[in-house]
1. If you scale each eigenvalue of the Cα gyration tensor by 5 and take the root, what three semi-axes come out for segment 7-138, rounded to whole angstrom and sorted largest first?
2. Mind giving me the FRET efficiency for residue 276 and residue 202? R0 is 25 Å, r the Cβ-Cβ distance, nearest 0.05 is fine.
3. What order, most packed first, do the peptides 66-76, 233-243, 182-192 have when packing is the mean number of other Cβ atoms within 10 Å of each residue?
4. Quick check on packing: order 140-149, 270-279 by the mean number of other C-beta atoms within 10 Å, highest mean leading.
5. What fraction of the Cα pairs in segment 246-320, stated in percent, has a spacing above 21 angstrom?
6. Normalized C-alpha radius of gyration of segment 66-180, against 2.2 N^0.38 Å?
7. What list of whole percents do you get for P(r) of segment 166-316, with Cα-Cα distances grouped in 10 Å bins up to the one holding the largest distance?
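Every read-out reported here was derived from the displayed coordinates using simple, explicitly stated rules and does not represent laboratory data. Model, not experiment: these values are computed from the prediction. Here the Cβ positions follow ideal geometry from the backbone for every residue, glycine too, while neighbour counts run over all protein chains shown.
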């Protein structure tokens, strides 16, 4: 009877729980390779040494990466990254890992930029290729990543969804009584994310402390709502309950504030229908995220510092808050410029009126018609209110 091989004794067990071994390519170079199963690692090494890393295509490695990675991510994150995944596989899938160079990835990002993709979208494509190569390196399929030295294209737009217009904000304030109007009103005066607002319970509203306790969020998997905990510690927070919002929220109720007929959070379709009907009722096209930024504008105009705003909005990084404040600052600058131009134009118009009046008086004086001069002066005083 053949002796059973103790595969675990052949390799080094790392602190992260994976076994590490090595395989050698045709040139004799040694490559590290990992697996949590020592028997699987043994088979991997045999396969690598038989075929070599050059046989691994980007597409095959990408599929292996996604099979592992998708299970670790939330449904919402996976749905956001799948289109990116499909595009990078379509671009590089048939090529060998060692054939893709830094210039190839840089050219791909430049192409995305020319097609009008915003900075965040281009960054997602860069990160996707980088993550797949990181996985390939860990699997011993290659030694380096062409993404490491790729720079982002210049001149990319921020892709910001922007802040709700003044007209839209006014419509939200006036539309509280509309069906689903309370949802928009809550987003405007609390800055909650859409999922956080949909998961809010009346028990989370602390009227005594004047706080809203944000403890959970709704995430849609297809059409179905699922309750999840905040991804970061900053997401679990207490938001100030403003007086205007406290007055609008019903009292002495329990359960979800925005529930379906079964008392559970509403579905994605229900949300979309209610939001579309609400926007039609107030005559404005806007998103819940824009109202979150409108709340940031309220904080900015009230002189609240970026650190306190970060806490209220639940941003994991202060840079996110500062980016919003920078966007608000640019918007305020545009408004100021418009007001100055209007003021200067009005001043020029007043100067023209004064010049015309002076010419009329001069003509009257030249004709020595005193009564006409006095009548004209009286008319000017009446017009100016002096």
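1. Details: eigenvalues 187, 68, 24 Å².
After diagonalising the Cα gyration tensor, the semi-axes are 31, 18, 11 Å.
2. Numbers: r = 26 Å, r/R0 = 1.03.
So, using R0 = 25 Å, E works out to roughly 0.45.
3. On the way: 66-76: 12.7, 233-243: 16.2, 182-192: 24.2.
Ranked by mean Cβ neighbours within 10 Å, highest first: 182-192, 233-243, 66-76.
4. In decreasing order of mean packing, 140-149, 270-279 become 140-149, 270-279.
5. Values: 1423 of 2775 pairs.
Across segment 246-320, Cα pairs with separations above 21 Å total 51 percent.
6. Numbers: Rg = 19.2 Å, N = 115, 2.2 N^0.38 = 13.4 Å.
Normalised Cα radius of gyration, segment 66-180: 1.44.
7. Per 10 Å bin, starting at zero, the Cα-Cα P(r) for segment 166-316 comes out as 11, 42, 38, 8, 0 percent.
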